[in-house]
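*Asks:* Got a structure for you, written out below as structure tokens; questions coming shortly.
The values are calculated or read from the model by the stated rules, or taken from the named source; none is laboratory data. For clarity, every value in this text was computed on a predicted model and none was experimentally measured. Methodologically, a virtual Cβ is constructed for each residue, glycine included, from the backbone with ideal geometry; neighbour enumeration extends over all protein chains shown. Keep in mind that these areas ignore ligands, DNA and RNA; they rest on the heavy atoms of the full protein, side chains included. Shrake-Rupley method; radii C 1.70, N 1.55, O 1.52, S 1.80 Å.
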Amino acid sequence: MTAIKATKPVDTSESLWRDLQNARHDDGAAAREHLQAGFPVYYVEGDTPEGLLVKEYPGGRRELVRFDEAGDQVIRDL
């Protein structure tokens, strides 16, 4: 799981999307720390459809989302 922290307004630029798609995998420690601090994390899994991300909330709720100029577009709950 590769975590993307959302501590400031989300940059919906092409460069951010490219960074998300090319992010390196880690041991998940940063994601767990971020969730414990009360913030959602974004990541992709092996079966995440192209162009989408998994958004996980501190309580465990997960959504499949697409970035949009107006904010996250929820595709479906996971």
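*Asks:* Return yes when GLY38 is at pLDDT 80 or above, on the phi > 0 side of the Ramachandran plot and out of contact with any Phe, Trp or Tyr (no Cβ under 8 Å at 6 or more places or on another chain) and no when it is not.
*Replies:* On the way: at pLDDT 80 or above: yes; on the phi > 0 side of the Ramachandran plot: yes; out of contact with any Phe, Trp or Tyr (no Cβ under 8 Å at 6 or more places or on another chain): yes.
Yes.
*Asks:* Are there any pairs, at least 6 apart or on different chains, whose C-beta atoms fall under 6 Å, with the first in segment 34-63 and closer than 15 Å to ARG76 by Cα and the second of a type in the set (Phe, Trp, Tyr) and surrounded by 18 or more Cβ atoms within 10 Å (Cβ to Cβ), and if so, which?
*Replies:* LEU53/TYR42; VAL54/TYR43; LYS55/TYR42
*Asks:* Return the residues of segment 45-59 that are farther than 15 Å from ALA30 by Cα and open to solvent by 40 Å² or more (accessible area, probe 1.4 Å); say none if nothing qualifies.
*Replies:* Residues satisfying the conditions are GLU45, GLY46, ASP47, PRO49, GLU50, GLY59.
*Asks:* Among the listed residues ARG32, ARG76, identify the single one that is exposed (fewer than 13 other Cβ atoms within 10 Å of the Cβ) and either in a strand (DSSP E or B) or modelled with pLDDT under 90 (or both).
*Replies:* Working: ARG32 fails: exposed (fewer than 13 other Cβ atoms within 10 Å of the Cβ).
Answer to the check: ARG76.
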